[in-house]
1. Please list 3J(HN,Hα) in residue order for region 70-82, calculated via the Karplus relation 6.51 cos²θ - 1.76 cosθ + 1.60 where θ = phi - 60°; whole Hz, with x for glycine and proline.
2. Sorted from fewest to most neighbouring beta carbons within 10 Å, what does the list MET46, MET143 look like?
3. Would you calculate a helix-derived [θ] at 222 nm for the chain, using -39,500 (n - 2.57) for each DSSP H run of n ≥ 4 and dividing by the full residue count, to the nearest 500?
4. Pull up all non-local amide H partners of VAL64: gap of 5 or more, or a different chain, and H-to-H distance under 5 Å with H placed in the peptide plane.
5. Taking 0.36 nm per residue of separation and subtracting the Cα-Cα distance, what length does fully extending ALA146 through GLU45 add?
6. When the Kirkwood radius is taken over all Cα pairs of region 80-176, what Stokes-Einstein diffusion coefficient follows at 37 °C and 0.692 mPa s, in µm²/s?
7. For the chain, what is one quarter of the convex hull surface built on the Cα atoms, given in nm²?
8. Could you go through region 6-17 in sequence order and give the Karplus-derived ³J(HN,Hα) for each residue, using 6.51 cos²θ - 1.76 cosθ + 1.60 with θ = phi - 60°, rounded to whole Hz, and x for Gly and Pro?
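A short reminder: the numbers here are calculations on the coordinates, not readings from a lab. Keep in mind the model is a prediction, meaning the values are calculated, not measured. Neighbour counts run over all protein chains shown; Cβ positions are idealised from the backbone, glycine included.
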Amino acid sequence: MSRDGHITLVTGGARSGKSALAERLAARHGTARIYVATAQPGDAEMAERIARHRRRRGAGWRTVEEPVDLARALRETDGQGVRLVDCLTLWLSNCLGSEDIDALIATLRAQASPVVLVTNELGQGIVPDNALARRFRDRHGWMNQAVADAADEVWISISGQPLRLKPARGNEDDGI
């Protein structure tokens, strides 16, 4: 599958299988694959998570590490293949309130090459007990809505099972 500028959003909870699903969706495009990593190895546990993701992806992926200026990373890699951004939740956290979601959306809409984005689904849990966490959760939910609105496809992964949300389809085999 190949469609210029095709935007896909994959959401789900922690350990839901969303990154593996995003990798399969990116592979459908049949072009060079670029992994845009927003994670930073701040401690040994996070460094191991990053290493585990790299091992699972295997060969065939070029990695671009960009924890903050995501719009720039997308502009600079446009035309070089499908980009998989993992993940928007970490990007938002890394920006510490300086994120420009409107600029990200404008950049996504201007892409000539496909982009697959991974994000977490945070709003289904309890209401956080502090104002900072509530503000982050709210900003995250608004970001997810804006990206989903701009996306051609939206998927959710639950317990490793993919469910296509946009565009809605019947029970056809999506080949993933």
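1. 5, 4, 5, 4, 5, 4, 5, 9, 4, x, 9, x, 6
2. Details: MET46 13, MET143 19.
So the ranking, lowest neighbour count to highest, is MET46, MET143.
3. Working: 6 runs with 69 residues, N = 176.
Rounded to the nearest 500, the figure is -12000 deg cm²/dmol.
4. It is TYR35, VAL36, ALA37, by chain and number.
5. Working: separation 101, 0.36 × 101 = 36.36 nm, distance 3.11 nm.
Fully extending the segment from ALA146 to GLU45 adds 33.2 nm.
6. Working: Rh = 15.0 Å.
Translational D for this selection: 219 µm²/s.
7. Its Cα hull, projected and averaged over all orientations, spans 10.1 nm².
8. In residue order, the calculated couplings are 5, 10, 10, 10, 10, 10, x, x, 4, 6, 8, x Hz.
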